[in-house]
Amino acid sequence: MNDTLEKPRALVLVPCRKMDDDDDDVPQLSPHTLAALQEFYLEQQQREGMKTSQGFNQYSVGSIEEDWQLSQFWYSDETASCLANEAVAAAGKDGKIACISAPSVYQKLKEQDGKDFSVCILEYDRRFSVYGEEFVFYDYNNPLNLPENLLPHSFDIVVADPPYLSEECLQKTAETIKYLTKGKILLCTGAIMEEQAAKHLGVKICKFVPRHSRNLANEFRCYVNYASGLD
Ligand SMILES: C[S@@+](CC[C@H](N)C(=O)[O-])C[C@H]1O[C@@H](n2cnc3c(N)ncnc32)[C@H](O)[C@@H]1O
């Protein structure tokens, strides 16, 4: 366990003044608000406690919390591992892997600390810039607006999970994927995108079914254009 990790802080409550106190401009919390606040801090403490006891590190899946405004739904730990292992196997020795809008796969690859592959993360959410030079800001609306050091057809495999289940989003992300990959593609998206995925990327649905850390209303699937271990 890492001793330098900050211990959860205790909840400090400011005593409520009675209504008949002289100084009645001191803000007061209603019992209901106070209870909600206590519950919030308790949950926070539990989350922090869990992170510490589970040997949390900066690459743990979920270390950066989901922001639903950005359509962020993280994979379960098993799914992230499975996709990371598949990417390593497909990339081969000293292979180069690009993760587009799929930060959990990047994190899982880094957690493995593998020496015989390199990886970069293309993401819209700048919180992932904590990962330094391997982070590349990416907005699917400008699919080819990429730094010069990302050369065309320079990645052995591109793993992508576009943020929206729309043809426009898939088509634009597909432009980036096709620009970066030497050939191999591993796409994760909704089951309803099967036809469009085949049309824009020539990928076929796999037997493996990805899972998320929360239950999602939409069924998700993986798609590849090579003989993968996901069937
Ligand atoms: C459906 S999630 C896929 C995450 C994946 N399940 C994982 O666990 O790594 C979509 C991803 O797209 C990213 N995203 C949101 N807006 C984007 C944009 N305009 N361009 C590119 N990516 C975007 C989100 O930050 C999120 O990581």
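The numbers here are math on the coordinates, done by the rules we state, and not lab data. Values in this document were obtained by computation on a predicted structure and should not be read as measured data. A quick note on method: Cβ atoms are made from the backbone with ideal geometry, for glycine too, and the neighbour counts reach across all protein chains shown.
Can you put Tyr140, Tyr59 in order of Cβ neighbours within 10 angstrom, beginning with the fewest? Please list the in-between numbers first.
Numbers: Tyr140 22, Tyr59 16.
Ordered from fewest to most neighbouring Cβ atoms within 10 Å, Tyr140, Tyr59 come out as Tyr59, Tyr140.
Once both labels are positioned 7 Å from their Cα atoms along Cα-to-Cβ, the gap between Asp113 and Phe137 label points is 3.2 nm.
Length available on full extension from Ser154 to Glu195: 0.36 nm per residue minus the Cα-Cα distance, which gives 12.1 nm. For the pair the stretch 87-133 / the stretch 164-192, the C-alpha centres are spaced 17 Å from each other.
Please give the peptides 209-218, 179-188 ranked by average Cβ packing (other Cβ atoms within 10 Å per residue), highest first, as a rough proxy for protection.
Working: 209-218: 12.5, 179-188: 21.2.
Going from most to least packed, we get 179-188, 209-218.
Under a 5 Å amide H to amide H cut-off, with H placed in plane at 1.01 Å, what residues pair with Ser76 once short-range neighbours are removed? Under 5 Å from the amide H of Ser76: Arg211, His212, Ser213.
Output the pairs from Lys184/Lys204; Lys178/Lys207; Lys96/Lys178; Lys96/Lys182 with a Cα-Cα distance over 21 Å in this structure; if there are none, say none. Don't skip to the end; give the middle numbers.
Numbers: Lys184/Lys204 12 Å; Lys178/Lys207 23 Å; Lys96/Lys178 15 Å; Lys96/Lys182 10 Å.
In this structure, Lys178/Lys207 exceed 21 Å between Cα atoms.
Taking all Cα pairs closer than 8 Å and separated by 6 or more residues, the relative contact order of the stretch 68-224 comes to 23 percent.
Summing Lys, Arg as +1 and Asp, Glu as -1, what charge do residues with Cβ under 9 Å from the Cβ of Asp116 carry, Asp116 excluded?
In short, +1.
Report the calculated FRET efficiency for Arg127 and Asn215 (r = Cβ-Cβ distance, R0 = 30 Å), to the nearest 0.05.
Values: r = 24 Å, r/R0 = 0.80.
Efficiency for this residue pair is about 0.80.
Counted over all Cα-Cα pairs of the stretch 103-231, pairs farther apart than 18 Å make up 55 percent.
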